[in-house]
1. Output the relative contact order of segment 88-156, whole-number percent, from Cα pairs under 8 angstrom with separation of 6+ residues.
2. Show which lysines lie in cross-link reach of LYS169 when reach means a straight Cα distance below 18 angstrom and same-chain residues fewer than eight apart are skipped.
3. Once both axes come from the Cα atoms, what is the angle between helix 108-127 and the longest principal axis of the chain, in degrees from 0 to 90, rounded to 10?
4. Measuring with a 1.4 Å probe in the full set of protein chains, what accessible area per residue, in whole Å², belongs to the chain?
5. Kindly express, to the nearest 10 degrees and within the range 0 to 90, the angle between helix 158-185's C-alpha long axis and the longest C-alpha principal axis of the chain.
6. Can you give the angle from 0 to 90° between the axis of helix 135-151 and the longest principal axis of the chain, with both taken from C-alpha atoms, to the nearest 10?
7. To the nearest 10 square angstrom, what accessible area does GLU47 show with a 1.4 Å probe?
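The values are calculated or read from the model by the stated rules, or taken from the named source; none is laboratory data. As the structure is a computational prediction, the values presented were derived from the model and not from experiment. For the accessible areas, the whole protein counts, side chains as well, though only heavy atoms, and no ligand, DNA or RNA atoms are used. Shrake-Rupley method; radii C 1.70, N 1.55, O 1.52, S 1.80 Å.
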Amino acid sequence: MLFRSASFAGEKHRGQLRKDAQSTAYINHPLNVARILAEEGGVTDAEVIAAALLHDTIEDTKTTQAELANHFGAKVAAMVVEVTDDKSITDSVERKRLHVMSARHKSRGAALVKLADKTSNVRDVGVRPAVGWTDARRTEYLMWAQRVVDALPIKDHRLKVIFDEAVKKSRKLIAGHGRTATNHMG
């Protein structure tokens, strides 16, 4: 199932790029989320790891829940739906608020995927942020991601500690970036 999930996600995300300066291939993100779950988090449930590989397919491609259920089963499809943002909500403040509110109602599998996803994103915000993101916007993202993770119904998993460490490291990188930019200007 994992190889099929990775292949499916690779096909669906073909040609998509991250918004960082290196224009990283998008598929690297779901692969990294799955790696964080398995290697760092010790998650062995193949359905949870498959959902991690597929977590952005509904949100960022033309994939449907029915398509995922047909290929990977209802449980995997349901987890992907749980972690999918509602892009029909165009007000970003409201969408972020709802993201935090819905976090507390996630199933354990979806919560683990969301936790690994936020860990991956927080690390990227520290080392390779989206082009044009100011240090203030990067810091705002870290604070929002922390609120999402704090709302998840997972308090005792080692991924929570890993996430917290990632936030601290990214804060230091951002703070160092600001000092470096100021030093270069003076």
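1. 54
2. Leaving aside lysines fewer than 8 places away in the same chain, those within reach of LYS169 are LYS118, LYS160.
3. Rounded to the nearest ten degrees, it is 30.
4. On the way: 9790 Å² over 186 residues.
Dividing the accessible area of the chain by its residue count gives 53 Å².
5. Once rounded, one gets 30 degrees.
6. Tilt of helix 135-151: around 40 degrees.
7. For GLU47, solvent-accessible area is about 60 Å².
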